[in-house]
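This report refers to the structure that appears directly beneath it.
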Amino acid sequence: MAYLRTQRAGFTDRLMPNGKMATALLLLVNCAFFAAMHTSNSQALAQYGAKWVPAIVHGDWYRLITAGYLHVQGVHILMNMIGLYNLGPLTEEIYGTGRMFTAYTVATVTGFALSSVWTPLSPSLGASAGLFGLLGALIAVGIHSKSFIARHLQQQCLLNAAIGFAMGGMMSMVDNAAHLGGLAGGFAVAYFSGFPQSSDAQRNKIWNVAGGLSLLVTGYSFYQLTMQMLRDKAF
């Protein structure tokens, strides 16, 4: 009698589909900063890390990245982390960790950059710019592949993006400019990077390096944030 032998799921597989570590790291970091703000009863992280154009033009460029990892309200981070949990593993499975994290980082920057132009005097923060970047990356799947599954995924992501923009248009607190910029940034990275399976080793290496650089820039941004808070004695 024939039977299928299944591999026992590891610890990370039980927490995250296929043990996608970049997605798990993003979830952990976002939740850690949220917990840090609320256990310390301080809004300094949000004040110094949010998108705020007067500070950005005076040298706080790091805000274009740190804003994407900070949340103030519980409902806000809950909804964004549910979105990340759903979109992150799929994007990472299709594009690989390097491409996925590059798309997420670029989307965060382009999202808050467009928001800075659109609403320069309104502060903004949250992971949704990066999440719309993941939607943009998944929309690009339908361009790289003409299969039914790829086209269906593209249509579903376009629908989800449209619903997100419609809901944002009805809520004054939602930053649709960051969503639009994030969608464009994530799509651009995915469109030009292609799939790891259909790329040569050299191209895959380039995108893995890009993912590593994205991680370094993100870490350096939070270092700059910390140094600014220390200079102003905001802790």
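Based on the alpha carbons, how large is the Rg to Rh ratio for the stretch 113-235 when Rh follows Kirkwood?
Result: Rg/Rh = 1.06.
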Per residue convex hull volume, Cα only, the stretch 100-170, in Å³ is 87
Where trypsin sites (Lys or Arg not before Pro) in DSSP loops with at most 12 other Cβ within 10 Å are excluded, longest remaining stretch of the chain:
9-145
Per the Debye formula with a single identical scatterer at each Cα and no solvent contribution, what log10 I(q)/I(0) holds for the chain at q = 0.10, 0.14 Å⁻¹?
-0.47, -0.89
Taking a straight Cα-to-Cα line shorter than 17 Å from LYS51, and setting aside same-chain aspartates and glutamates fewer than 8 residues away, one finds ASP60, ASP175
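Given the rule -39500 (n - 2.57) for each run of at least 4 DSSP H residues, summed and divided by the residues of the chain, what is its mean residue ellipticity at 222 nm, to the nearest 500 deg cm²/dmol?
-24500 deg cm²/dmol
Just so you know, all these numbers are worked out from the coordinates, no wet-lab data involved. Note that the structure is a prediction, hence the values are computed from the model and not measured. All Cβ positions, even for glycine, are placed from backbone atoms using ideal geometry, and neighbour counts span all protein chains on display.
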